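**Student:** Got a structure for you, written out below as structure tokens; questions coming shortly.
Derivation of every value follows stated rules applied to the coordinates shown; laboratory data play no part. Since the structure is predicted, the reported quantities are computational estimates derived from the model, not experimental observations. With ideal geometry, Cβ positions are generated from the backbone for all residues, glycine too; neighbour counts draw on all protein chains shown.
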Amino acid sequence: MNSLLRTDIKYLKGIGPKRAELLDKELGIKTYYDLLHHFPNHYLDRSQIYRVADLSGDMPYVQLKGRFVTFTTQGEGAKRRRVGLFSDGSATMEVVWFNRIREITNLYQVGNEYILFGKPTQFNGRWSMVHPEVDTTTSVSAVKGMRGVYPLTEKLRNNSINSRTIFTYVQTLLSNLRTVNDPLPAEIIERYRLIGALEAIKIIHNPQSKDDLDKARFRLKFEELFFLQLNIQRYSRRRSRVLNGVKFPRIGRFFNSFYHDQLPFELTGAQKKVIKEIRADMATGRQMNRLLQGDVGSGKTLVALLCMLIALDNGTQACLMAPTEILATQHYETLSKLVAPIGVNVKLLTGSTRKKQRDIIDEQLKDGSLHILVGTHAVIEDRVQFRNLGFVVIDEQHRFGVVQRARLWAKNSVPPHVLVMTATPIPRTLAMTVYGDLDVSVIDELPPGRKPIQTLLRYEDRRFEVYQSIGAQLRAGRQAYIVYPLIQENEKLDLKSLEEGYETIKETFPSYRVAFVHGKMKPQQKDYQMGLFVNHEADILVSTTVIEVGVNVPNATTMVIENAERFGLSQLHQLRGRVGRGEGQSYCILMTKHEIARETRQRLELMTSTTDGFIIAEADLKMRGPGDLEGTMQSGIAFNLNIANLATDGQIVQLARDAADEFLDSDPDISLPSHRITSLMLSAIFDRKIDFSLIS
Ligand code: ADP
Ligand code: MG
């Protein structure tokens, strides 16, 4: 395996330096190993030959068998092309080459039988195929089974590297390869009944049956996920051995007096459970890194506060960081009101904190009289120095990755405990992968008395009715959000529709006050407008998705989302969470134009049928694929899955995780001689510059 990993692809027969460069640039294939791991993305049955007469519009790739009737060279300059008229007895089709014209002229003859492989396209009612792969019938009948179709780029095709070429390279390489050292440990191969590495690679490139292919795929997916899990787990294990946390053995004055005298309501069972988990963690002396997931409105803030109070009881300071100034301010106001009676000193630090106030904060942080610092990213700037920081809460930022977390460690000689809170539910398989280094707590219960939000899908033709129902809510003293999409590609147009929307709303509801926010505003202006709505000096807030995270206005009971079809499911869920935060019945109205695609309608209908964030997140992952889900790079496990799919291979993720766990139990440092190849492979895949064991 090791020499495969190192041997440059240019040394393979038929490749050479020029093609090697192209393969690297276009597909990232640098070494023999990379080539063997460039897998087909789908397969065709080689025995399946289509007839030209039977072609239809939706066929991706087909095989045809027949003869060329004539060849001509047409056009001039850039339009020059070689055109062959191909007939299989059922009909004729044009086959076109735009380059390599001289070569093609010599290569293919009228009258010989060929098998063409390519994507048929229709033009003016006639079928044609551009740059197909062409095989003589004799060369094809020699290879049986299924034919792999490799992912390629246009540039490669133009340089006559097609699926067939890749196949040939792979076969050349495989024919010279007698054994490979299996990167998976023998005991794992046996326990999970996997086929060997070489066998799997041979099959995946040239399967003889569907059964074989399934076995090969399983083995290769397992391998990929196993290494991913191994990487995550070895770091989290090492970290837990190396990094001691501040030990919080005590529950004391702050916690007790708040819990017994100030608690505004009875905690939900889920809140209690989570606080217990966190407490247990903080009492061990191991540094805690915990992800707290809880749907919008589930009461994460109170959990954070109670944990911060435990930190104070043990003589340390705490800090809460929020993604925006508005949110930080809101947290600051909530928290300072709650803890004022028990004598806890809370301060707010953001980008717009005045110098004089900053100086006070700096001083109190240093002498320890400031207990809780709430703020934006400003709190992790290097100049912010605590006397003894024991506990950090990061709110609504599941994107807060390992590198950012690392900056927090530097703030104390012993790294503080970290609680990352998010309302964006992360599907289990993804959490296991991306957040494998975090422990997870879930608040799976809403405070009592909440009425589930009613979600309605409405087309443009019912706009009047929608406005009437907003009117009814406003008359009852409630507030409403109206959200417009703002999409980068066409900012000007989007902004125009937002501004028009704002004008329309003002005209439609002349006796109500309307606030207006979008991301392009100056921060002060934004905060001012937002503040109007938060303080009920405005009844309606017209905005873009800037209100997405965390804002808490319990009196707002209606949310209208314009052009809902332009939002992803998770984003809709986040937005919807801005209502339903008080005791009033809340509504979320998804507005769309009439003609939307079927999948889009299904997506929106899912929103109307459930408010369960986990169901929505799973569906989102299935529809969009994990590639869209941010945070993978930032959370410190940059990876590119080659064959496994986090959305659909959840079961294999679980198996691979268990396997990695057992493996590390048996050989924590991966130092046994029998695990040498596994260890080499692990460092080859995850060749990192930073020692994540110390910072994650
Ligand atoms: P989120 O989890 O979305 O951050 P918050 O912490 O903002 O939720 O809480 C949402 C609302 O629920 C707040 O107004 C908060 O005061 C209230 N709340 C929190 N816990 C409880 C509880 N146990 N019982 C009743 N209301 C609660
Ligand atoms: Mg919150």
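**Student:** Set Lys and Arg Cβ to +1 and Asp and Glu Cβ to -1, take the dipole of the chain about its Cα centre, and tell me which of Tyr11, Leu156, Ile326 lies farthest positive.
**Tutor:** Farthest towards the positive pole: Tyr11.
**Student:** Could you list the GluC sites (Glu not before Pro) in segment 245-331 that lie in coil according to DSSP, counting only those with at most 15 other Cβ atoms within 10 Å of their Cβ?
**Tutor:** Answer in residue order: Glu266.
**Student:** Equivalent ellipsoid semi-axes for segment 141-292, as square roots of 5 times the alpha carbon gyration tensor eigenvalues: give them largest first, rounded to whole Å.
**Tutor:** Three semi-axes, in Å: 55, 19, 16.
**Student:** Taking a cut-off of 19 Å between Cα atoms, list the aspartates and glutamates near Lys210, but don't count ones fewer than 8 places away on the same chain.
**Tutor:** Cα-Cα hits under 19 Å: Asp45, Glu199, Asp649.
**Student:** Moving on to the next point. Using 7 Å Cα-to-Cβ label points, what is the Glu445/Ser352 separation (nm, one decimal)?
**Tutor:** If labels sit at Glu445 and Ser352, their model points lie 4.0 nm apart.
**Student:** Which whole-number percent gives the relative contact order of the chain, counting Cα pairs below 8 Å spaced six or more residues apart?
**Tutor:** 14
**Student:** Right, something else. Of all GluC sites (Glu not before Pro) in segment 1-77, which ones are in loop regions per DSSP and have a Cβ with at most 10 other Cβ atoms within 10 Å?
**Tutor:** In loop regions of segment 1-77 (DSSP not H, G, I, E or B), the sparsely surrounded GluC sites (Glu not before Pro) are Glu76.
**Student:** Please give, to one decimal in nm, the separation of the simple spin-label points placed at Lys25 and His594, each 7 Å out from Cα toward the Cβ.
**Tutor:** Roughly 5.1 nm, to one decimal.
**Student:** Percent relative contact order of segment 113-189, based on C-alpha pairs within less than 8 angstrom and at least six residues apart?
**Tutor:** It comes to 21 percent, rounded to a whole number.
**Student:** Among Gln229, Val553, Leu572, whose Cα sits farthest toward the positive end of the charge dipole of the chain (+1 at Cβ of Lys/Arg, -1 at Cβ of Asp/Glu, about the Cα centre)?
**Tutor:** The listed residue farthest towards the positive side: Gln229.
**Student:** Let me ask something else. Taking the Cβ of Ala515 as the centre, find all other residues whose Cβ is under 13 Å away and add up their charges (Lys, Arg: +1; Asp, Glu: -1).
**Tutor:** Every neighbour counted, the sum reads 0.
**Student:** Can you tally the net charge around Ala197? Count Lys and Arg as +1, Asp and Glu as -1, for every other residue whose Cβ sits under 9 Å from the Cβ of Ala197.
**Tutor:** -2
**Student:** Sum up the charges of everything whose Cβ sits under 9 Å from the Cβ of Phe386, counting Lys and Arg as +1 and Asp and Glu as -1, but leave Phe386 out.
**Tutor:** +3
**Student:** Pairs of alpha-carbon atoms within less than 8 angstrom and 6+ residues apart define the contacts here; what relative contact order does segment 253-443 have, in percent?
**Tutor:** Relative contact order for segment 253-443 comes out at 33 percent.
**Student:** Counting each pair of different Cα atoms once, what's the Kirkwood radius of the chain in Å, rounded to one decimal?
**Tutor:** Result for the chain, one decimal place: 29.5 Å.
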